[in-house]
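Accompanying notes for the structure given below.
The values are calculated or read from the model by the stated rules, or taken from the named source; none is laboratory data. Since we're looking at a predicted model, the values are computed, not measured. When we count neighbours, we look across all protein chains shown, and the Cβ atoms used for this are built from the backbone with ideal geometry, even at glycine.
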Amino acid sequence: MTKDLTVYNSLAREKQLFKPLHPGYVGMYVCGPTVYNDVHLGNCRSFVSFDIIFRTFKYLGYKVRYVRNITDVGHLLDDGEDRIAKGARLEQLEPMEIVQKYTNGFHDIMRVFNVLPPSIEPRATQHIIEQIEMVKAILANGLAYEKNGSVYFDVPRFAKETGHYGDLSGRVIDDLLQETRDLKRQDEKNHPADFAIWMKADPEHIMRWPSPWGEGFPGWHLECSAMSTKYLGKTFDIHGGGSDLKFPHHENEIAQNFGACGCAPANYWLHGNMLLLNGRKMSKSEGNTISPEQLFTGDSSLISKGYSPMVVRFFMLMAHYRSTLDITDEALLAAEKGYKRMMDAWSTLASLPSTTGSTASEIDNEIIQALDGALADLCDDFNTPMALAKLFEVVPRINGLKGGQIKPDQIQPATIERLKQDMGDLLFSVFGLKEESDAGGASETIGSLMDLILDLRQSARANKDWPTADKIRDGLQAAGIVVKDGAEGSSWTLS
RNA sequence: GGUCACGUGGCCGAGUGGCUAGGCAGAGGUCUGCAAAACCUCGUACAGCGGUUCGAAUCCGCUCGUGACCUCCA
C-alpha cells in the first residue's frame, strides 16, 4: 500500500524520504486562518496545497490525522491591538460574533474550493487551559520569566541551552537586534528577541482569561504549540503553513515545544509559497488585490471575466506548492481551457466503446508509463504540475480513440480499465477537482428541448438545408449553447 | 540595512550538469457541407556578465530585477 514518498523538509532544506513515526499513520498540523476578516486568496492557495498533500497521503493508503486550527485570539496587529478585538470594534460586534462570522465564511470558501475538512479543527479560545499549562511548563523549565502579569519566552537562554533557536529560519539572534519598531511593552522584555507567551490584558481589553499571572490572554504562537501537542503528541510527523510563517511563528513554536516538552514538535516542516497578482505581491494599499468572490464573479478590473472555483483550483495545480504562482488573466484563461480539455477527455473516456487489443502495443505502454509517472511525480514532493502533465499526455489517446485516429484493436481492454481507475483517482481523489456540470440546474427541461431542436436540425442537415442548420446553430450559440457535429450526431454544451 | 529564495520560449509553468515537460496562444496539415471540437506536425527558451567543466539553463562569482522574512500577513 504505502509507497516511498519524498518531501522537501524546510528544517533540513532538502528533500527527504518520508518516514512516519508510526508506519501507515500520518500526523499533520497546518496553521489555519486568523478569523478577523474575509479569507484572503493567498490563504486559499495555502489550504488547497495542504489539501492536496492530505489527499495524497490518504490516496497512498496512510491513515491521516489532519489538524488545522482556527486562531481566534492572541494574534496582534503592529499597534498591539488584538486582530479579533479590532474586528469587533470596527463592526460593533462581540468578538465571538466576529470569530463565528469569519469562520463560517472561511468554511464556505473552503467548500467552494472542494477542500476537505481537517480531521480536527481546534480553536485557540477553546484551549486556554492547555495553553496556561504550557506556559507553566516553560516557566518550570526556566525558559520564561514573568514581568508585570505577562510571561515572556527567554530566547537567548533557550538558544544557549539547546542551540535550537534558528533551526528552521536560519535566524541569528544578533541579527534580530536590528528591529526598531516600537511595539507594545517592548521595554518589559529582557531581550528584544524574547516574545510573549502570555500577555496581561489592559483594562479595556475585551478578550481575557484568569491565569496564575492575572487576567490576560495567550500569545500568538502558543495556541499552535498547545493544540498540536494535545491532538498529535509531543512529536508528530508534519507541520505545515505558508512560508511567511516560518519566522517568527514557526520558529517560536519550536522553541515553545522544546521549552515545554524538551523535544522538537514536528519531524518534517512543509511550507507553501505565495501568490502574486500580475507579477506583484497582492497589496490592498496598492489596489493590487483580488478576493475569491471577485475571481469567481469577474467583478474586478484586473480580470476580463469570472473563473469558476475548479478552474482556480486547476490553475493552482499547475504550479508546484513551493513556487510562487503569478495570477494573470491570461494564465487563468489558459487554465480554464486546460481544465475543460482535461474534463472533456474524462467524460469521453467513460463513453468509449470497448477496445480489443490482445497484445501490449506502444500506445498501451505509453499510457501505463504516463499513469505510473504521474503517481511517481506525486510521491516526489507532491509535484502536481508534473503529474498533471502526464495526464495531459493521455488526453490525445482518449480523443484519438473517440475520433478514430486510433483503432480499438490498438489498445488492450485492461489498459482502458486502468486508465479509468487511475485517471479518476488522480483527478478527483488526489487533485480534488469536481466536474462542474455544463447543464446546470435546469438540465432536464433544457435537455429534452435540446433533443428536439437538434433533431429538427439533423433533418435540415439531412436535406442539405444548410441555411436552416446554421441558423439553428448560430441562434443557440448566441443563447450560450455550443453545438458540435460529430460522427455520431451532434452534441451540445453550455459555453 | 540584514537573512533567504527566485528570474525559463508570446503568456503561465515543470525540470536542473549532456536526453521531448505540460497547458494556453501562434503556424501548417487531416477530418467536416461550413464551423467548433478532435487528431498530426512545428518553437532549440532558460535575466546580464564572467568563471569551473570535454560539456551549463542546471555548479561558482558579480550585476540587475522580483518576492518572502526580520515580533506577530498563508
Test: residue in region A:79-96 that is in contact (Cβ under 8 Å) with a residue 60 or more places away in the chain and near RNA strand B (Cβ under 9 Å from one of its atoms): yes
Scan of region A:473-495 for residues that are within 30 Å of A:Lys305 (Cα to Cα), among the aliphatic types (A, V, I, L, M) and within 9 Å of RNA strand B (Cβ to nearest atom), ordered by number: A:Val482, A:Val483
In region A:446-495, the residues that are loosely packed, with under 13 Cβ neighbours inside 10 Å and within 24 Å of A:Pro353 (Cβ to Cβ): A:Gly447, A:Asp451, A:Asp455, A:Lys484, A:Gly486, A:Ala487, A:Glu488, A:Gly489, A:Ser491
Selection count where residues are of a type in the set (D, E, K, R) and in contact (Cβ under 8 Å) with a residue 60 or more places away in the chain, scope region A:104-141: 4
Any hit, region A:111-131, residues being modelled with pLDDT of 90 or more, assigned to a loop (DSSP other than H, G, I, E, B) and among the small types (Gly, Ala, Ser): yes
In region A:213-228, residue surrounded by the fewest Cβ atoms within 10 Å (Cβ to Cβ) [restricted to those that are touching an Asp or Glu at 6+ places or on another chain (Cβ under 8 Å) and not polar (S, T, N, Q)]: A:Trp213
A:Arg461 vs. criteria closer than 25 Å to A:Gln405 by Cβ, within 10 Å of RNA strand B (Cβ to nearest atom), more than 43 Å from the chain's Cα centre (by Cα) and assigned to a helix (DSSP H, G or I): yes
Residues located in region A:1-19, provided they are surrounded by 13 or more Cβ atoms within 10 Å (Cβ to Cβ) and within 22 Å of the chain's Cα centre (by Cα): A:Leu5, A:Thr6, A:Val7, A:Tyr8, A:Asn9, A:Ser10, A:Leu11, A:Gln16, A:Phe18
Within region A:61-87, considering residues that are assigned to a loop (DSSP other than H, G, I, E, B) and surrounded by fewer than 20 Cβ atoms within 10 Å (Cβ to Cβ), the one modelled with the lowest pLDDT: A:Asp78
Lone qualifier among A:Gly242, A:Gly233 - being within 21 Å of A:Phe54 (Cα to Cα), away from RNA strand B (no atom under 14 Å from the Cβ) and surrounded by fewer than 24 Cβ atoms within 10 Å (Cβ to Cβ): A:Gly233
Residue satisfying all of: in region A:360-387; within 11 Å of A:Gln410 (Cβ to Cβ) and small (Gly, Ala, Ser); farthest from RNA strand B (Cβ to nearest atom) among these: A:Ala360
Selection status of A:Gly357, more than 12 Å from RNA strand B (Cβ to nearest atom) and either under 26 Å from A:Arg45 (Cα atoms) or basic (Lys, Arg) (or both): no
Output for region A:11-46, where each listed residue is in a strand (DSSP E or B) and either among the aromatic types (Phe, Trp, Tyr) or free of Cβ contacts under 8 Å to residues at least 12 places away in the same chain (or both): A:Glu14, A:Tyr25, A:Tyr29
So A:Val48, is it of a type in the set (A, V, I, L, M) and near RNA strand B (Cβ under 9 Å from one of its atoms): no
Hits in region A:140-158 (condition: part of a helix (DSSP H, G or I) and surrounded by fewer than 21 Cβ atoms within 10 Å (Cβ to Cβ)): A:Ala140, A:Pro156, A:Arg157
